[in-house]
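Read through the structure below, which is laid out as structure tokens, and then see the notes.
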Amino acid sequence: MKTFRAASRALRSRQLRTVTAAAAVLALAAGCAASGNGSEQGDGTKKAGGDVTFLIDSLGDSWIPNNSAISSFQGHIWGHVTDKLVYVDEEGEVSPWVAETWEQNDDATEFTLHLKGGVTFSDGSPVDAEAVVANLEIWADGRPDDGINPIGLFPTTYDSSQAVDASTVKVSFTAPTLGFIPTLGYHGSILISPKTLELPAEKQADLGNDIGSGPFTVASWKEGDSVVLEKRDDYDWGPEALDHEGPATLDSVTYKLVAEPSVRTAAVQSGQADVAYNPSPQELDPFKKQGFTVAAPRYLGFVNGYALNTQVAPFDDVAVRQAVQHGIDREEILSTVYTDDWLPAESFIQSNVPGATDHSDEFAFDVEEAKRLLDEAGWKAGGDGIRAKDGKKLALTLYPNPYLATSQAVDELVAQQLGDLGFDIEIQAYDVVTYGERVAVGSDAVPAYEVTRSFIDAGTVGGVLVGSGEDWFNLGDSDAELSDLAGQVAGAVDVDARNTVLDTLQSHVLEQAYFVPLTQIVQRLYLQSPKLKGVSYNGVAYANFFTAYLEG
């Protein structure tokens, strides 16, 4: 736990540690480079086969498909072991995968999917209409009594589905659900063998029992240590958008747990591994200069920022919320914590989401405006520089998001910036498990919840924000205008009309300062060997090795 002044010192110490760590890594790399491996470029020839080692900082805490598929870690495995009905790229473009074609009725309440022939799960069973119906049912409802959740962001308007014939599925909704087809490309919507789905949760938690139809299968796995995938030789139904027929080129991909970022990057630099996940942004430039590949794909979803709890002081006052919006210097965050791979936020939605619009003027950095708003709200500066009102200090606790490696550094900068306005900032940092136990949206103890979230289609945005959804701002039903706009977005039957409402919804949320955007999010960051080519990144920014190969 630190005050913002302590945080200022901590930031300087962190920067020093970063430089020291980078120097240590470079020293290690220099020794390795002398041995002639690691940083050498490939010779341009495509190798047949090959094995890739991917170093990751966590493998998550559950392999139950419905319960684990939306995490930042297990999605790497699921993306290779399973397929989806459609493919969604980084710009939100939807294209065929296991579903070759589809159509919908005029009010977007009924969809018909036509499946590709010859697709099989690795247990030999067909990916037919019955299998798709079994998946749709458990995506929508889960089996709560058995500890199996519905998948996140699946439309709550789902009514039923039926197998019309072996390759045709009809899906019905109780209300217009324009985002249904794109949501089939979300990383939770993975096709699993019905035999797996019938298993109890404790059996599904064994990754070896989880059968998909993807280009790789699980060869072995060890809890908290590694997962080894090997290619499936009979695979021939990859997404058309990836322009690759037949099985993967690589023979295997090994995910190995290595907690320390500098060890992961040093291993890639020395040629002992091919990919390091989530390196420190400050380390990237030296690696780029040595010829290593850095991939920083943005996913479709919300930007990184603070959802403010409107029921907890001081954020029950719109003027204080607006003061925080205008009091944060996002350019300083970008230049201090990140590299040019990160972009400023233009709204609370990432700018690559179809339908997102630029609202950056509504939360622009303006210190004098922030001070004016706080003065107007009655928060007056005392002799120690801390503002107070009715005998109470203008205090705020920030909880760095442990899923984001840069979160604490960002919070420390924000603490300095808001401290200059007269806030008394405290930072409480927890590990993933403790954070999950103590920090929750809507908690009276959490005035500002640092959040980001991927999604595939903007039709889901309103449902996340309002009281009938996840209620990020703890509004309940108190903001009728927001509820109405969210309902219009969710119930639209036409994309153009929905985009108009989405623009109004963005303005309303930002004018009310419910959300404080920080930066566009790059949550999945990759440092790769220059010999590894052809890696693709989908709409949720996972690295996919189906199209990848090694150079000789």
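Numbers below:
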| item | result |
| --- | --- |
| Listed residues 457, 236 arranged by accessible area, highest first, probe 1.4 Å | 236, 457 |
| 1.4 Å probe accessible area per residue over the chain, in Å² | 38 Å² |
| All Cα pairs of region 146-302, percent lying beyond 29 Å | 39 percent |
| Inter-label distance, nm, simple model (7 Å from Cα along the C-beta direction), residue 137/residue 90 | 4.0 nm |
| Theoretical gain in end-to-end length, residue 168 to residue 361 [0.36 nm per residue, Cα-Cα removed] | 64.7 nm |
| Probe 1.4 Å, all protein chains present, accessible-area order of 452, 196, largest first | 452, 196 |
| Value of relative contact order over the chain, rounded to a whole percent, pairs C-alpha under 8 Å and six or more apart | 23 percent |
| Mean shadow area of region 420-534 over all directions, Cα convex hull, nm² | 11.7 nm² |
| For the chain, size of Cβ-based charge dipole, Lys and Arg +1, Asp and Glu -1, in debye | 2180 debye |
| Taking all pairs of distinct alpha-carbon atoms in the chain, Kirkwood radius in angstrom | 24.7 Å |
| Relative contact order (%) - region 424-519, alpha-carbon pairs under 8 angstrom, separation at least six | 18 percent |
| Inverse of mean 1/r across different Cα pairs in region 101-188, Kirkwood, Å | 13.6 Å |
| Column: log10 I(q)/I(0), Debye, Cα scatterers of region 125-165, q = 0.18, 0.19 Å⁻¹ | -0.54, -0.59 |
| At R0 = 56 Å, FRET efficiency that the Cβ-Cβ distance of residue 48 and residue 511 yields, to 0.05 | 0.45 |
| Region 208-257, dipole about Cα centre (Lys/Arg Cβ +1, Asp/Glu Cβ -1), debye to the nearest 20 | 280 debye |
| Added length on full extension, which subtracts the Cα-Cα distance from 0.36 nm per residue, residue 201 to residue 243 | 11.5 nm |
| Region 325-424: mean projected area of Cα convex hull, nm² | 7.7 nm² |
| Contact order normalised by residue count of region 248-301, Cα under 8 Å, 6+ apart, percent | 21 percent |
| Fully extended contour minus Cα-Cα distance, from residue 222 to residue 41, at 0.36 nm per residue | 61.9 nm |
| Area accessible to solvent at residue 365, 1.4 Å probe radius, in Å² | 100 Å² |
| Set of lysines with alpha-carbon distance to residue 393 below 23 Å, sequence-local pairs under 8 removed | 2, 371, 380 |
| 27 Å Cα-Cα reach of residue 288 towards lysines, excluding residues that sit fewer than 8 places from it in its own chain | 46, 47, 256, 531, 533 |
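The values are calculated or read from the model by the stated rules, or taken from the named source; none is laboratory data. Because the structure is predicted, anything quoted here is derived from the model rather than measured. Every residue, glycine among them, receives a Cβ derived from its backbone with ideal geometry; neighbour counts consider all protein chains shown. Just the protein is used for accessible areas: all its heavy atoms, side chains included, with ligands, DNA and RNA removed. Shrake-Rupley method; radii C 1.70, N 1.55, O 1.52, S 1.80 Å.
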